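Note sheet for the following structure.
Laboratory data are not the source of any read-out in this text; all were calculated from the coordinates shown. Not measured: the values here are computed from a predicted model. FYI the Cβ positions are ideal-geometry reconstructions off the backbone, even for glycines, and counts take in every protein chain you see.
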Amino acid sequence: MARTMWDSSVGKKTVMAVSGLIMLLYLVAHVIGNLKIFFGAGEFNHYAHWLRTVGEPFMHYEWTLWLIRIVLVVAVVAHATSAYQLSRRDIRARPSKYVHKKPRASYATRTMRWGGIILGLFIVWHILDLTTGTVHSGGFQEGHPYQNVVDTFSTWYGDVIYIVAMLALGLHIRHGFWSAAQTLGVGSRTRERALRATADVLALLLTAGFIAVPVGVMTGVVS
């Protein structure tokens with residue numbers, strides 16, 4: 001039954017909706033944690049350390065964090081795979097020839113497609129920058145996330161990459177939240193205005209919250 005569900009377009013859209021909501025919940029928690037940087041190095045570094053000790057002594061050091069990472073990886077892979085397969089299915093379903101000029105994809109479709117690609121590339125860069133330190137601009141300091149963040153956003157390219165990605169994220173959330181609501185049967189005519197307003201507010205708050213960090217470093221508020 002699970003295989004049949006996955007093979008259907010409805011099943012793939014459902015997987016996209018559920019995985020998208022999982023990532024959205026993570027983003028809400030993530031932006032709240034990021035904003036702790038405005039309370040100083042001690043507060044931010046303590047928060048980063050706490051993430052690794054959540055669940056102790058029942059959970060071993062970093063086990064909870066790794067569990068969250070695994071869930072997120074599964075969600076990202078499921079989301080991207082579903083999106084790609086639905087896109088390929090849509091292309092195959094189109095007639096090979098059109099009497100008139102081939103219609104272009106809608107603005108929302110193009111935004112979601114390219115936004116997803118940008119975010120996928122950003123996730124790789126973000127991990128290599130602030131998790132492993134592989135492409136970090138300065139001397140990566142294990143256990144000093146505050147200084148690592150300041151180092152990253154003290155470079156023009158670090159700011160540009162992050163801000164562009166967060167703008168893409170905002171658009172992705174704005175369109176994705178609405179689509180997920182429709183897929184999961186939450187949307188209706190009476191709820192349309194409320195759902196669109198919720199999508200707009202979520203996208204705006206998350207985008208502003210994430211961008212506030214590089215702006216804080218650029219303006220010297222965080223240093």
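Would you mind putting 177-184, 194-201 in packing order, based on average other-beta-carbon counts within 10 Å, highest first?
177-184, 194-201
Compute the relative contact order of region 115-223 as a whole-number percentage, counting only Cα pairs closer than 8 Å that sit 6 or more residues apart in sequence.
27 percent
Using all Cα-Cα distances in the chain, what percent lands in each 5 angstrom bin from 0 up to the longest?
With 5 Å bins starting at 0, P(r) equals 1, 6, 11, 16, 17, 15, 12, 9, 6, 3, 1, 1, 0, 0.
Which of the peptides 124-132, 166-174 is most tightly packed, and how do the rest follow, going by the mean number of other Cβ atoms within 10 Å of each residue?
Sorting 124-132, 166-174 by mean packing, highest first, produces 166-174, 124-132.
List the pair-distance distribution P(r) of region 161-220, using every Cα-Cα distance, as the percent of pairs falling in each 10 Å bin from 0 up to the bin containing the longest distance, rounded to whole percents.
Cα pair-distance distribution for region 161-220, in percent: 24, 41, 23, 10, 2.
So what is the orientation-averaged projected area of region 1-90, using the convex hull of its C-alpha atoms, in nm²?
Mean projected area of the Cα convex hull: 7.7 nm².
Quick one: Cα convex hull volume of region 112-176, Å³ per residue?
That works out to 79 Å³ per residue.
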